Amino acid sequence: QVQLRESGGGLVQLGGSLRLSCAASGSIFRITAMGWYRQAPGKQRELVAVHISGGSPNYADAVKGRFTISRDNAKSTVYLQMNSLKPEDTAVYYCNAASTLGQYWGQGTQVTVSS
């Protein structure tokens with residue numbers, strides 16, 4: 001089992017920045033990728049960014065150049081630095097871990113961008 005604990009969401013103005021954190025615990029040695037998804041009201045959950053172990057990060061087109069995913073293996077933590085935020089970035093952001101045991105999700109953290 002893998003447990004994920006997110007933090008860092010909140011309310012920010014157009015053009016502002018936020019950093020999300022997701023700390024993993026449990027069977028972390030089985031994790032093969034960690035990433036962030038988001039779900040806006042009335043929409044499906046979508047991939048934002050993913051960091052694959054031993055590989056390069058991948059980003060959704062909508063956030064390329066604005067968001068950066070990074071991973072601190074010593075802390076078993078993945079971060080999402082979000083810059084130049086737009087109202088359309090408003091959503092609940094979920095941390096995800098893919099492991100040999102299955103997929104795991106955090107509880108979600110709300111990000112709201114006001115115009």
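Tabulated values for the structure
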| item | result |
| --- | --- |
| Dipole of the chain, positive end: most advanced residue of Thr90, Pro41, Ile52 [Cβ charges, Cα centre] | Ile52 |
| Average accessible surface area per residue within the stretch 21-74, 1.4 Å rolling probe, Å² | 56 Å² |
| Heavy-atom accessible surface of the stretch 30-73: percent carbon and sulfur, 1.4 Å | 45 percent |
| The chain - charge dipole about Cα centre, Lys and Arg +1 at Cβ, Asp and Glu -1, debye rounded to 20 | 100 debye |
| Cα-based Rg of the stretch 6-53 normalised by 2.2 N^0.38 Å, two decimals | 1.40 |
| Local electrostatic count, Tyr94, Cβ distance below 15 Å [Lys/Arg +1, Asp/Glu -1] | +1 |
| Euclidean distance of C-alpha centroids, the stretch 9-73 and the stretch 74-115, integer Å | 5 Å |
| Kirkwood estimate for the chain, i.e. one over the average of 1/r between Cα atoms, Å | 14.0 Å |
| Per-residue ³J(HN,Hα) for the stretch 37-46, Karplus 6.51 cos²θ - 1.76 cosθ + 1.60, θ = phi - 60°, Hz, x for Gly and Pro | 10, 9, 9, 8, x, x, 10, 7, 5, 10 |
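The values are calculated or read from the model by the stated rules, or taken from the named source; none is laboratory data. For clarity, every value in this text was computed on a predicted model and none was experimentally measured. Cβ sites come from the backbone with ideal geometry, for glycine too, and all protein chains shown count toward neighbours. Accessible surface is based on the protein model in full, side chains and every heavy atom, while ligands, DNA and RNA are left aside. Shrake-Rupley method; radii C 1.70, N 1.55, O 1.52, S 1.80 Å.
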